[in-house]
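Here is the structure we will look at.
The values are calculated or read from the model by the stated rules, or taken from the named source; none is laboratory data. A quick note: this is a predicted structure, and the numbers were derived from the prediction, not measured. Cβ atoms come from the backbone with ideal geometry, glycine included; neighbour counts cover every protein chain shown.
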Amino acid sequence: MQSEHTKLLTRRRLLIALGGAAIAAAGNGIILEPRRLSITRSSIDSPGSSAADPVMRVVQITDLHLQRISRHVQRIASTTNRLKPQLIVMTGDMIDRRERLPELGRFLELLDDGPVKLAVLGNWEHWAHVDMEQLATTYSDRACRLLVNETVRFRFQDRDVVITGFDDATGGRPHLGDALHNVVPAANHIVLAHSPAFRDAVVAAMARGPMLHDGDAALAKYSIACVLSGHTHGGQVAPFGWAPFRPPGSGRYLRGWYRDASPPLYVSRGLGTSMLPIRFGAVPELAMFDWRLSSALQHDQQKGEVVDQSNT
């Protein structure tokens, strides 16, 4: 039978062990995990594509919440370059303070010149009252196009590629009609929307086929391969995959693929932190997609804006 002294020592050891585990977890969440970087690899298949069709590599950068060009940020840029994408998409919350625009410019300059680069707004660019004209100029001066309820079209090899970028649904005003007005459907079409809950609006609109503008055809005519979003940070603090908090605009989405409806959705965990400099159970992520492009509809007349991709 254990003596009271032995029981006291056992309890003390247990408390020390629990305290040590808590300190280790806190140190990991504050010091180590926010500076880690994982690469997730997925494939996207356009409707009608086959194994013989060309593949375009896409890298998604999101929720950088850039404060300074740290060693971690430099590693994000160099890793992106090493993946050799043909398309880089930045899906919002790249900065969360308006005075960080110069750092955003410096980050963009770290990326290779070759890929097509497109960006959309997140909630924090709105909430921080970032000057939108200066933001668009910061992007355009570094060969990146900011899309706010707009669609662009470009060629990859012999295929038409269409990208629609929406304003953020949490901090801004996304508009389906404005984004797709006069855009001819294409087989290779991706939507960028920072807050993943907006995907539900896209799914509902495609299902019921609303008229976007007088005289325009319904949204259901578009074959959208997927929606790419961020915003949630994968929960940011998500022990064992359980996220006690999700920011407004997340809806039921947290991280990874959601293929329960069309178009499917991918939610990246993103790269930075918000409110508190902590990540736990939500390692920063660069999402890479190998997108197999279909030849269907590729000869349609182009009414969207053309972005030159001279390196392909």
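Suppose we filter segment 241-278 for residues that are assigned to a loop (DSSP other than H, G, I, E, B) and over 23 Å from Leu111 (Cβ atoms); how many remain?
Adding up the residues that qualify gives 24.
Return yes or no: is Leu228 surrounded by 14 or more Cβ atoms within 10 Å (Cβ to Cβ) and either modelled with pLDDT under 85 or not assigned by TED's automatic domain parsing to the domain that holds Val55 (or both)?
When the stated conditions are applied, Leu228 does not pass them.
When both residues are 6+ apart or on different chains and their Cβ atoms are under 7 Å apart, which pairs have a first residue that lies in segment 46-75 and is in the same structural domain as Cys144 (by TED's automatic domain parsing) and under 24 Å from Ala193 (Cβ atoms), and a second that is among the acidic types (Asp, Glu) and assigned to a strand (DSSP E or B)?
Val55/Asp290; Arg57/Asp290
What's the number of the condition Thr80 fails, among (1) out of contact with any helix residue (DSSP H, G or I) (no Cβ under 8 Å at 6 or more places or on another chain); (2) surrounded by fewer than 23 Cβ atoms within 10 Å (Cβ to Cβ); (3) over 18 Å from Gly230 (Cα atoms)?
(3)
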